[in-house]
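Input: a single structure, listed below in structure tokens.
The numbers here are math on the coordinates, done by the rules we state, and not lab data. Keep in mind that what you see is a predicted model, and the values were worked out from it rather than measured. Cβ atoms come from the backbone with ideal geometry, glycine included; neighbour counts cover every protein chain shown.
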């Protein structure tokens, strides 16, 4: 298990337009509202809708974050689009005690076999939740819920204010999606 | 009340500009821009900031509009980066000579070609000699605070010079981090209303920046040199007063763990914080290394630099820009020159790295420091080394 009292490094994989960068920002804001130190930023480049994108979050409960490099050895990886598993090595550099949080309609066991993953896995059908509650397959807020179920890097309640601020009249639906995904996420251990 | 907020550094600058209650902002709103002027345009459109926002067709025009606004006594702000700063180049000299206290945030970036939108200090170094006060921020808080300090320094009657606040493109501009955002009543305690002593006025016509034939041009340049050099005292005072009110103190040269350090690395901007973590880990191994953050670039802090390195044997300088065909990095050459006349001085070893968005990690900084120690002992045939380059 990772030590959430020290530095936690989280990498988000999505596609342009899915809100991976927004998720990273909201999570950092929640951590900062808990009086922690945190940092969020996208992989810098030319953003294009639909293309694979990466975003990063560092959270440290104790001290300011001085490192501004991209995260090569994350504690947690969040994957917003299951299709990316075929395109990007999302588990690259994942720490041995880290966890991969995936949006997928499949069972963790199936995903593990299909992509030969031996790290700890958490899975949730976030696309279904987003379609049901938001009417669109934008899974970023659902995947924040999934991440927090996998590892409590901030309290779920700490996301409420940042979500309200960001989404305005759409906030309630996004909060419901986050909470539903939190409930429905299955968290497994490493393959034994 | 001051609030600790998780906010993108660019957006916090827009808030600082609002808190400074600027009168005119003129900017070119297309790449390479940041959220700085995008947010300011929204604040003006929403009526949250009572200012004129003048969108223009190029950075050359942006700075030209700033000249006019500042000359009539308006508190004036703009922001740019990379190619945009280069397109402003000739107008920058006009702002400083005409004593126009414009404040500009520069999101430092590489220059094309090849096309790069990513961060380094090539753009800054190309405008080194434009006569502006230039301050480097290492994180979001330093950027926010120094934008406020910049207005105070620029508009001081003893100064009346434009100020650039440098923040690293992407590594700072695009990062969300905790920043203490001040209240306007607190800012008002520090930043008095702007009263420009000789504004353009149709009823009292004056000429600014007129013709200077050979019999006067040299004297105007001497005056400019005296003026910019003397601004350092005012900068120190402004930082001291900012610290006394808000508890965060700034200085031209900041030392980190330099006590007893025989080897010191000098860096600027956000990379200096990364280097601090490398220094921490090397100190734990018992290596006597330290770090210097050069925060004030112009006027150059000669006395503070000499004091900071007086006990070191080796001074490593990291440049994020390259003077092609010359002595390597522009910062290293200035530092060598600043120390050359001293009887006892450290050996200065230059490194160029972090170009065009290439990040240097803490372990990268360890490599730089170790390599610097090696060169100081064994010597090198090169004027400088490029770090992390694939050959």
Highest-first arrangement of A:147-155, A:18-26, where packing means the average Cβ count within 10 Å: A:18-26, A:147-155
Rounded to the nearest 5, what is the percent of antiparallel bridges among the DSSP beta bridges in region A:7-188? 55 percent
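With the cut-off at 1.5 for a/c, could you classify region A:95-192 from its C-alpha gyration tensor as rounded, prolate or oblate?
Oblate, since a/c reaches 1.5 and b/c is not below a/b.
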How much length would be gained if the chain were fully extended between residue A:170 and residue A:34, taking 0.36 nm per residue of separation minus their Cα-Cα distance, in nm to one decimal? 46.6 nm
Bridge type composition, chain B - antiparallel percent by DSSP, nearest 5: 25 percent
Write down the Kirkwood hydrodynamic radius of region B:178-242, to one decimal in angstroms, obtained as one divided by the mean of 1/r over all alpha carbon pairs. 15.9 Å
Can you give me the C-alpha center-to-center distance between region B:374-391 and region B:1-36, rounded to a whole angstrom? 40 Å
Once R0 is set to 22 Å, what does the formula 1/(1 + (r/R0)^6) return for the Cβ-Cβ distance between residue B:240 and residue B:307, expressed as a FRET efficiency to the nearest 0.05? 0.80
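Over chain B, calculate the relative contact order: mean separation of alpha carbon pairs under 8 Å at least 6 apart, over the residue count, as a percent. Don't skip to the answer; put the middle values down first.
Working: 793 pairs, mean separation 60.9, N = 391.
Contact order relative to length: 16 percent.
So if R0 is 45 Å, what FRET efficiency would residue B:259 and residue B:358 give, r being the distance between their Cβ atoms, rounded to the nearest 0.05?
The calculated FRET efficiency here is 0.90.
Over region A:1-72, consider all pairs of different Cα atoms and compute the Kirkwood hydrodynamic radius from their mean reciprocal separation; express it in Å, one decimal. Write out the running numbers ahead of the final one.
Numbers: mean 1/r = 0.0796 Å⁻¹.
Evaluated on region A:1-72, it is 12.6 Å.
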Which of the peptides B:84-97, B:261-274 is most tightly packed, and how do the rest follow, judged by the mean count of other Cβ atoms within 10 Å per residue? B:261-274, B:84-97
So residue B:1 and residue B:287, fully extended at 0.36 nm per residue minus their Cα-Cα distance, gain in nm 98.6 nm
Relative pair counts by distance (%), Cα atoms of the protein assembly as shown, 20 Å bins: 20, 50, 27, 3, 0
Could you work out how far helix B:9-19 tilts from the main Cα principal axis of chain B, as a 0 to 90 degree angle to the nearest 10? 40 degrees
Rh (Kirkwood; distinct C-alpha pairs) - chain B, Å: 21.5 Å
Calculated FRET efficiency, residue B:343 and residue B:370, Cβ-Cβ r, R0 35 Å, to nearest 0.05? 0.75
Alpha carbon centre of region B:52-79 versus region A:108-141: separation in Å? 50 Å
Please report the spacing between the Cα centers of region B:244-262 and region B:150-216 in Å, no decimals. 25 Å
In a GNM of chain B with a 10 Å cut-off on Cα contacts, which of B:313, B:129, B:201 has the highest mean-square fluctuation? B:201
Can you classify region B:44-160 as rounded, prolate or oblate using the Cα gyration tensor, where a ≥ b ≥ c are the square roots of its eigenvalues, rounded means a/c under 1.5, and otherwise it's prolate if a/b beats b/c and oblate if not? rounded
Pseudo-spin-label distance residue B:185 to residue A:88, built 7 Å along Cα→Cβ, given in nm, is 4.7 nm
Taking only Cα atoms and a 10 Å spring cutoff, compute GNM fluctuations for chain A and point out the largest among A:102, A:65, A:32. A:65
Label model pair residue A:186, residue A:115: point-to-point distance (7 angstrom along the Cα→beta-carbon line) in nm is 1.6 nm
Sort B:374, B:177 so that the residue with the fewest other Cβ atoms within 10 Å of its own Cβ comes first and the one with the most comes last. B:374, B:177
Shape box of region B:255-386 [Cα atoms, principal axes, largest first, Å]: 35, 35, 32
Among bridges DSSP assigns within the protein assembly as shown, what percent are antiparallel (round to 5)? 40 percent
Computed over chain B: longest principal axis from alpha-carbon atoms vs helix B:271-284 long axis, angle to nearest 10 degrees, is 30 degrees
Once fully extended, how much extra length lies between residue B:72 and residue B:200, figured as 0.36 nm per residue of separation less the alpha-carbon to alpha-carbon distance? 45.6 nm
Calculate the spin-label point distance for residue B:216 paired with residue B:390, positioning each point 7 Å from the Cα along the beta-carbon direction, and give it in nanometres. 5.8 nm
Cα-based Rg of region B:248-288 normalised by 2.2 N^0.38 Å, two decimals: 1.19
Overall Cα dimensions of region A:73-149, principal axis frame, Å, largest first: 36, 23, 20
List the extent of the Cα atoms of chain A along each of their three principal axes, largest first, rounded to whole Å. 40, 38, 35
Could you give the angle, 0 to 90 degrees to the nearest 10, between helix B:330-340's Cα long axis and the longest principal axis of the Cα atoms of chain B? 70 degrees
